[in-house]
């Protein structure tokens, strides 16, 4: 039976390969490959969590639930009628809320002044994008506002873990910002915008998971050793 460490490294390698194939499919406009590879992102990250972290620990449970909703958001849109496509935003919103719940205890233990100051630029980016995209969002404006607020909160809380979680949250914020510009600001043409959106999205979630795995106890450390016990009876 392979060790948890070997299984984790193998899954990370598969994840990197799937992301690379997906990005290549975006560049070559291979829609079938895109539809096959994107729904694999979250299940691979969930598998990494399952082989690396104790199943009953609060943090991996919340991360797994968040990745499940992200998987729904990645998978459902092609099967939904156009009028129901905003449902994908709701699914990602739930995912972000779960990520926030996983990150909150870590941030609460690391209230450094620098991390508190990060609320200013994160809020500034989100408010600026929301103001710019409000007209294009139309009826989706309340949903976009809720998503932007939770997204900024998640990016802010990610600074309370370590460098990897911080970078993961920031890349997630960048990915959603690029996507919002692509959807609601048609005049803001960004070269290869879809590629950049998916690259920052895939890297952001991977770094968030990898960073959390550095903080929570590993499965190997939580396994109880099996062996004989020495009992000393005092007379």
From 57, 22, residue being closer than 25 Å to residue 167 by Cβ, surrounded by fewer than 19 Cβ atoms within 10 Å (Cβ to Cβ) and touching a residue at least 24 places away in the same chain (Cβ under 8 Å): 57
In the set 193, 218, 177, the lone residue that is surrounded by 13 or more Cβ atoms within 10 Å (Cβ to Cβ), touching a helix residue (DSSP H, G or I) at 6+ places or on another chain (Cβ under 8 Å), modelled with pLDDT under 90 and farther than 23 Å from residue 34 by Cβ is 218
So residue 19, is it modelled with pLDDT under 95 and either outside any helix (DSSP H, G or I) or under 22 Å from residue 64 (Cα atoms) (or both): no
Scanning the stretch 103-120 for residues that are more than 20 Å from residue 148 (Cβ to Cβ) and surrounded by 20 or more Cβ atoms within 10 Å (Cβ to Cβ) gives 106
I need the full set of residues from the stretch 158-171 which are surrounded by fewer than 24 Cβ atoms within 10 Å (Cβ to Cβ) and in a helix (DSSP H, G or I), in order please. 160, 163, 164, 166, 167, 170, 171
Which of (1) surrounded by 14 or more Cβ atoms within 10 Å (Cβ to Cβ); (2) at pLDDT below 95; (3) part of a helix (DSSP H, G or I) is the odd one out, the single condition residue 6 does not satisfy? (1)
May I ask you to verify whether residue 119 is within 20 Å of the chain's Cα centre (by Cα) and either at pLDDT below 80 or closer than 19 Å to residue 202 by Cα (or both)? yes
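The values are calculated or read from the model by the stated rules, or taken from the named source; none is laboratory data. Only a predicted model underlies this, so the values are computations on that prediction, with no experimental measurement involved. Cβ coordinates were reconstructed from backbone atoms using ideal geometry, including for glycine residues, and neighbour counts include every protein chain displayed.
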